[in-house]
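Let me begin by presenting the structure, written as structure tokens, before commenting on it.
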Amino acid sequence: MEHQSEKFSSQLSQKVSKRELNSWRRGFTPQAEIWNGRMAIIGLIISITIVFGSNYFIGN
């Protein structure tokens with residue numbers, strides 16, 4: 001049992017090149033999770049900009 005968990009943990013801790021990490025892959029992959037986080041932050045920044053912009057121009 002321990003041998004399998006050690007093998008699995010060594011597979012998880014392998015270093016990946018930046019090119020591989022930034023590649024666009026579909027499915028439940030580490031690359032998809034990274035791009036999901038990036039897009040979420042961009043959406044959050046756009047949303048906050050719209051809210052503050054509308055309050056500045058429309059609000060009193």
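Please treat every number below as a calculation from the coordinates, not as lab data. These numbers come from a predicted model, not from an experiment. Cβ coordinates were reconstructed from backbone atoms using ideal geometry, including for glycine residues, and neighbour counts include every protein chain displayed.
Things to note:
- Between residue 23 and residue 48, the modelled label-to-label distance comes to 3.3 nm, taking each label 7 Å out from Cα in the direction of the beta carbon.
- Packing-based order for 32-42, 49-59, using average beta carbon neighbours within 10 Å, highest first: 32-42, 49-59
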